[in-house]
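What follows is a short report on a single structure.
The values are calculated or read from the model by the stated rules, or taken from the named source; none is laboratory data. Note that the coordinates shown come from a computational prediction; the quantities given were computed from them, not determined experimentally. Cβ placement follows ideal geometry from the backbone for every residue including glycine, while neighbour counts extend to all protein chains displayed. Areas reflect the complete protein model, heavy atoms only, side chains present, ligands, DNA and RNA absent. Shrake-Rupley method; radii C 1.70, N 1.55, O 1.52, S 1.80 Å.
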Amino acid sequence: MLGLSLDQLRTDMNRLLAILFHQGVLDEQFLQLQQLQDESSPNFVSEVVNIYFHESEKLLRNLRALLVDRELCDYKKMEIQLNQLMGSSSSIGAQRLRNVCIAFRAASNHNNRPGCLRALELLEYEYCYLKNKLHELFQIEQQRMLAAAVRYPAPHQHLNNPQA
Amino acid sequence: MKKGGRKFSALVVDDDQVIRNFEEKLLARFELETKVVKNGEEALKLFREGYTFDVVVMDMEMPVKNGPEWYGGTCRPLVQATRALRAMGVDCMIVGVTSRGDGPEKAELEAAGLNCCWEKPLNDKIVRTILDELAKKSS
C-alpha cells in the first residue's frame, strides 16, 4: 500500500510541476534550483523559496506604500524594489512574476501611476498563485520523503534482523 | 580546477539573500570556493583584509546604503565599486549580473574595469564560461 502511495505522490508532484511549466508560472531556472538540492542540503529548494516569499512580501508592501502616495510617487525607489523582485524571481524561475515586473518597470519609467497600479495588482495576484502552488508542491514533497523513509522488512527476513 | 589542483575561488556580491544563497550553491557545485557579501563596501573590506579571489560576481543594481542620490543609470554603485577594486590593484575577473538587458551603463562599466556582464539569473552555462576564462588565464 505504501509503495503505491509513493508512486502516487511522485505522479502528483510531476503533474503539478508540468502544469506550472505549461502555464509559464515556472521556467527552466526552477529545474536549475532543483539540481542544486542534494544530500548535503536536502531542503535547499524550499529554503531558498521560503526566503524568496518572505522578501517578496516586503517588496510588494513597499511598492504598495509607494503607489498609495499620490502626491509624491517615488518612481526611482519603485525601480529599486522592482529590480530586486525581478532579480530574485528570475533566480528561482518565477517567470510570470518576472514578466509582470518588466511591465511594471515600463509603466514606472513613464511615470504612469495607473499603469503601475494595474501592474501591482497583477503582481500580487501572480505572487499569491505562485505561493499557493509551491506550498502545495513542497507539501507533496514532504509526504513523499516521509513515505520513502518508512521501511518495512521484506517477508522472508528474520524478525530479529529487520535491517537486512 | 586551477593548475596545481587548487580550486578557483569566487566572491558573490549581492544585496538579495535569495540570490546570494542560490549563487553560492551554484558556484560551489562547480567546485569554486565561494564567499558571499551583501554590498560593494563589504567586498572592498575583504580585499583590504588581504583576501584574494579568482572572480567577483556582482549584482549591477545594488543601491548604496547612505550613498549619494541615485542618478544616471541604476548601476552607479557598481561602477564605483569596480573602479575602487581596480584602483586597489585587484586584477581578478569581475563580472556583473543585471536585471535588465543591454543598457547604456554597460560601456561605463567596461570602462571602469568590469570584464563582462550577464542578465540574471546566473546559470550553469555562465559559470562554465567563467571557468573556461579562468582556466585560460591560469594556464
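Miscellaneous remarks
- The lysines whose alpha-carbon is closer than 27 Å to the alpha-carbon of A:LYS58, local same-chain residues fewer than 8 away aside, are A:LYS76, A:LYS77, A:LYS131, A:LYS133, B:LYS25, B:LYS35, B:LYS38, B:LYS65, B:LYS120.
- Bridgeable aspartates and glutamates around B:LYS136 (alpha carbons under 14 Å apart, same-chain partners fewer than 8 residues away excluded): B:ASP54.
- 5 angstrom amide H check on B:GLU119, placed H, neighbours 5+ away: B:THR98
- Over chain A, volume per residue of the alpha carbon convex hull, in Å³: 119
- Axis angle, to the nearest 10 degrees, between helix A:113-149 and the longest C-alpha principal axis of chain A: 10 degrees.
- Calculated over the protein assembly as shown: convex hull of Cα atoms, volume per residue (Å³): 174
- Database remark: amide H of B:VAL12 closer than 5 angstrom to the amide H of B:LYS35, B:VAL36, B:VAL37, B:VAL57 (H placed geometrically; neighbours at sequence offset of 5 or more, or on other chains; Pro and chain starts carry no H).
- On association of chains A and B, roughly 2100 Å² of accessible area becomes buried (total for both chains; probe 1.4 Å).
- Net charge in the neighbourhood of A:PRO114 (other residues with Cβ under 15 Å of its Cβ; Lys, Arg +1, Asp, Glu -1) is +2.
- Dividing the summed -39500 (n - 2.57) terms of all DSSP H runs of n ≥ 4 by the residue count of the protein assembly as shown sets its mean residue ellipticity at 222 nm at -20000 deg cm²/dmol.
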